[in-house]
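Worksheet for the structure shown next.
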Amino acid sequence: MPAMSDPHLLVDVEDGVAVVTMNRPERMNAMTPEMVVRMAEAWTTVAADPSVRVAVVTGAGEKAFTVGADLGRLIPLLTGARAPDDEWDEAMLAEPRLLAQALMRTTEFSIPVIAAVRGFALAGGTELALACDLRVAGDNSQFGLTEVARGIIPAMGSLARLPRQIPYARAAEIVLIGDRIPAAEAMAMGLLNRVVPAAEVLEVAMGLARRMAENGPLAMRKAKEAMVRSSGRSLEEAFKIENECARAVMASQDAREGPRAFMEKRKPQFTGQ
């Protein structure tokens with residue numbers, strides 16, 4: 001897609017950390033076709049970049065992570081209520097799977113991802129946070145799967161993920177009532193890793209990302225893969241997946257470098273190989 005003067009998504013990679021920023025602060029970072037297409041492309045690029053060890057996804061501005069789909073642009077396009085009027089719309093209609101790719105609705109994306117949430121993370125915002133591995137939220141943040149109030153459902157991963165992450169009764173309440181959940185309550189039910197002052201969210205998330213970027217990248221990817229793929233399976237099946245991932249790691253150069261660096265009292269030089 002051609003570059004735009006004010007892109008709806010920004011991507012920056014530095015020191016092994018990719019920072020993906022939804023960039024529509026004036027509209028609460030509501031997801032447009034452009035944002036979705038750019039985000040799907042960003043995750044594909046990040047997954048293929050050997051220099052990236054961890055990703056952080058956040059929203060521009062102080063008011064919102066994202067309030068989900070732009071109800072005037074994205075949803076009417078997907079339901080056929082409006083015709084495409086630019087190249088981003090055309091791209092969305094040409095490849096319906098882009099929305100699922102943007103929200104990481106897959107078991108194959110193995111890069112660890114941290115959500116840095118300030119303000120509202122509603123509907124697709126909560127869905128995107130649920131797709132992340134770690135979640136840091138501001139004390140002013142609010143979450144919620146509000147889709148049922150609009151006559152639609154949160155089918156970009158939440159219906160499958162949420163009951164696996166918290167007790168079923170709490171998941172059902174979130175999905176079927178659609179009320180907003182303050183950060184403290186989300187933390188209490190186990191949806192978040194950290195709740196910090198809003199001004200410190202990105203700093204804390206980046207601190208976690210930099211710490212994780214020091215780890216063996218292959219080890220982290222395979223550990224995440226094993227957890228995701230084995231979720232909901234029998235122990236026998238889960239152990240087979242765990243063994244498969246462990247074999248790949250133990251055959252790597254990193255698995256030799258880590259113990260050697262420890263014995264030599266130096267920082268390991270991991271390559272992901």
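FYI, it's all coordinate maths here, none of it is from the lab. Computed from a prediction, not measured in an experiment: that's the story for all the values here. Don't worry about glycine lacking a Cβ; one is built from the backbone with ideal geometry, like all the others, and counts go over all protein chains shown.
Counting neighbouring Cβ atoms within 10 Å and putting the fewest first, the residues CYS245, CYS132 line up as CYS132, CYS245. Close amide-amide hydrogen proximity is noted between LEU9 and ASN23, each under 5 Å apart and 5 or more residues distant or on a separate chain (H modeled in the peptide plane; Pro and chain starts excluded).
Amide H of LEU122: which non-local residues (sequence gap of 5 or more, or other chain) have their own amide H closer than 5 Å, using H built in the peptide plane? Amide H neighbours of LEU122, under 5 Å, 5+ apart: THR66, VAL67, GLY68.
Backbone phi angles across segment 161-176, fed through the Karplus curve with coefficients 6.51, -1.76 and 1.60 (θ = phi - 60°), yield HN-Hα couplings of 7, 4, x, 8, 9, 9, x, 4, 4, 5, 4, 5, 5, 5, 6, 8 Hz in residue order; Gly and Pro are listed as x.
Excluding same-chain neighbours fewer than eight residues apart, the lysines reachable from LYS240 by a Cα-Cα span under 23 Å are LYS222, LYS224. With K and R counted +1 and D and E -1, the other residues having a Cβ less than 11 Å from that of MET104 yield a net charge of -1.
Inter-label distance, SER51 to ARG97: 2.8 nm, where each label sits 7 Å from its Cα along the C-beta direction.
Mind checking the dipole of segment 217-263: about its Cα centre, +1 per Lys or Arg Cβ, -1 per Asp or Glu Cβ, Debye to the nearest 20?
Working: 9 positive and 7 negative charges, 21 e Å.
In total the dipole reaches around 100 debye.
Over the Cα atoms of the chain, the radius of gyration divided by the Kirkwood radius equals 0.98; this is the Rg/Rh ratio.
Find how many whole Å separate the alpha carbon centroid of segment 42-71 from the alpha carbon centroid of segment 93-152. With segment 93-152 and segment 42-71 each reduced to a Cα centre, they are spaced 10 Å. Excluding same-chain neighbours fewer than eight residues apart, the aspartates and glutamates reachable from LYS267 by a Cα-Cα span under 17 Å are ASP15, GLU214, ASP254, GLU257. When THR107, THR32 are arranged by Cβ crowding within 10 Å, least crowded first, meaning fewest neighbours, the order is THR107, THR32.
Classification of segment 170-273 by its C-alpha gyration tensor yields an oblate form. The axis ratio a/c (a ≥ b ≥ c) is 1.5 or more, and b/c is at least a/b. Note that segment 192-204 has calculated 3J(HN,Hα) couplings of 10, 9, 9, 10, 9, x, 3, 5, 9, 4, 5, 4, 5 Hz, one per residue in order, obtained from phi through the Karplus relation 6.51 cos²θ - 1.76 cosθ + 1.60 (θ = phi - 60°); glycine and proline are x.
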